[in-house]
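S.K.: Before I ask anything, here is the structure I am working with.
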Amino acid sequence: MRIAITGGIGSGKSFVCRRLEARGIRVYDCDAAAKRLMRTSEQLIQSLTELVGEGVYKDGVLQKKVLAEFLLASEENKQAVNDIVHPAVASDFEASGYEWLESAILFDSGFNRRVHFDYVICVSAPVEVRIARVMHRDGISRDKAQEWIDSQQSQEEVVALSDFELINDGECDIDKQIDYFIKHIIKK
């Protein structure tokens with residue numbers, strides 16, 4: 001069985017994943033995998049170099065600023081990078097032996113079309129809670145946090161596309177919701 005965990009920035013996906021890991025459930029982290037693969041996969045390094053140019057790697061080290069400038073230059077550039085990185089991450093996940101996966105952009109990136117998931121869980125939280133979490137975590141302004149949230153697919157759309165919603169608003173008991181999901185959904 002494969003289960004994806006998604007949700008927008010500041011929703012608390014990482015917190016939920018830590019709660020799952022405390023139960024012995026290993027969760028594949030797409031962001032960490034993408035960063036690792038961009039450092040270690042010869043095929044990915046070659047493809048990014050061909051797309052972005054020789055300056056994207058210097059002495060074998062990814063130049064994040066160069067990549068970011070390329071990504072931000074156009075939607076086409078962003079899509080071209082995603083078309084290289086996301087299939088590599090999907091293949092890595094499928095070879096990993098993990099059943100659970102965390103991806104902030106599961107639907108935006110089309111990851112859900114590359115890999116079949118039996119269930120998709122959306123971690124949600126009110127926008128004000130998300131803004132406060134992002135501001136605190138990243139030390140950024142309210143406007144910047146709001147900009148990041150607005151740049152992602154809306155929480156309502158992600159919830160609608162998901163099979164199950166975990167409400168992580170700081171008031172609802174997240175452990176009870178996780179236990180319910182595990183007991184009533186997975187154990188069927």
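S.K.: Please find, among Val66, Val158, the residue that is assigned to a helix (DSSP H, G or I), assigned by TED's automatic domain parsing to the domain that holds Leu37 and farther than 19 Å from Ala33 by Cβ.
M.R.: Details: Val158 fails: assigned by TED's automatic domain parsing to the domain that holds Leu37.
Answer to the selection: Val66.
S.K.: For the structure I just gave you, tell me whether Ala125 is under 18 Å from Gly8 (Cβ atoms) and in contact with a Gly (Cβ under 7 Å, 6 or more places away or on another chain).
M.R.: For Ala125, the condition - under 18 Å from Gly8 (Cβ atoms) and in contact with a Gly (Cβ under 7 Å, 6 or more places away or on another chain) - is met.
S.K.: Do you know which residues across segment 19-55 are assigned to a helix (DSSP H, G or I), of a type in the set (Lys, Arg) and modelled with pLDDT of 95 or more?
M.R.: Of the residues in segment 19-55, the ones assigned to a helix (DSSP H, G or I) are 19-22, 30-40, 42-52, 54-55.
With the extra rule that they be of a type in the set (Lys, Arg), the set shrinks to 19, 35-36, 39.
The answer is Arg19, Arg36.
S.K.: While we're on this one: Kindly list the number of the only condition in (1) part of a strand (DSSP E or B); (2) not assigned by TED's automatic domain parsing to the domain that holds His184 that fails for Val89.
M.R.: (1)
S.K.: Same structure again: Take Ile149 and tell me if it is in the same structural domain as Ile3 (by TED's automatic domain parsing) and either at pLDDT 95 or above or touching a Cys at 6+ places or on another chain (Cβ under 9 Å) (or both). Before you say what the answer is, go through the steps one by one.
M.R.: Working: in the same structural domain as Ile3 (by TED's automatic domain parsing): yes; either at pLDDT 95 or above or touching a Cys at 6+ places or on another chain (Cβ under 9 Å) (or both): no.
Here the answer is no, as Ile149 does not meet what is asked.
S.K.: Related question: Select from segment 170-188 the residues that are out of contact with any strand residue (DSSP E or B) (no Cβ under 9 Å at 6 or more places or on another chain), in a loop (DSSP other than H, G, I, E, B) and over 16 Å from Arg18 (Cβ atoms) and list them in ascending order.
M.R.: Selection gives Glu171, Lys187, Lys188.
S.K.: Next question. Failed condition for Gly97, given (1) exposed (fewer than 15 other Cβ atoms within 10 Å of the Cβ); (2) more than 24 Å from Arg26 (Cα to Cα), with all others met?
M.R.: (2) is the only condition that Gly97 fails.
S.K.: Is there any pair linking a residue in segment 10-21 that is over 11 Å from Asp175 (Cα atoms) to one that is assigned to a loop (DSSP other than H, G, I, E, B), with Cβ under 8 Å and at least six apart or on different chains, and which?
M.R.: Going by the 8 Å Cβ cut-off, the qualifying pairs are Gly10/Ala125; Ser11/Ala125; Ser11/Asn168; Gly12/Ala125; Gly12/Asn168; Lys13/Gly7; Lys13/Ala104.
S.K.: Here's something else I'd like to know. Among the residues of segment 4-18, how many are part of a helix (DSSP H, G or I) and not charged (D, E, K, R)?
M.R.: Number of matching residues: 4.
S.K.: Looking at segment 110-169, which of the residues that are among the hydroxyl-bearing types (Ser, Thr, Tyr) and in contact with a strand residue (DSSP E or B) (Cβ under 7 Å, 6 or more places away or on another chain) is farthest from His184 (Cα to Cα)?
M.R.: Ser124
S.K.: Could you please let me know if Met1 is buried (at least 20 other Cβ atoms within 10 Å of the Cβ), of a type in the set (A, V, I, L, M, F, W, C) and not in a strand (DSSP E or B)? Give the steps one after another, and end with the answer.
M.R.: Numbers: buried (at least 20 other Cβ atoms within 10 Å of the Cβ): no; of a type in the set (A, V, I, L, M, F, W, C): yes; not in a strand (DSSP E or B): yes.
So Met1 fails the test.
S.K.: Identify, from the list Phe93, Phe107, Phe111, the residue that is among the aromatic types (Phe, Trp, Tyr) and closer than 23 Å to Gln177 by Cα.
M.R.: Details: Phe93 fails: closer than 23 Å to Gln177 by Cα; Phe111 fails: closer than 23 Å to Gln177 by Cα.
Answer to the check: Phe107.
S.K.: A further question on this structure: Out of Gly24, Gly7, I need the residue that is more than 24 Å from Val81 (Cβ to Cβ) and either in contact with a helix residue (DSSP H, G or I) (Cβ under 7 Å, 6 or more places away or on another chain) or surrounded by fewer than 17 Cβ atoms within 10 Å (Cβ to Cβ) (or both). Which one?
M.R.: After applying the criteria, what remains is Gly24.
S.K.: Here's a follow-up. State which residue is nearest to Val120 (Cα to Cα) when the search covers only segment 1-29 and only residues that are touching an Asp or Glu at 6+ places or on another chain (Cβ under 6 Å) and hydrophobic (A, V, I, L, M, F, W, C).
M.R.: The residue in question is Ile5.
The values are calculated or read from the model by the stated rules, or taken from the named source; none is laboratory data. Source: prediction; values computed, not measured. Positions of Cβ are backbone-derived with ideal geometry, glycine not excepted, and every protein chain shown enters the neighbour counts.
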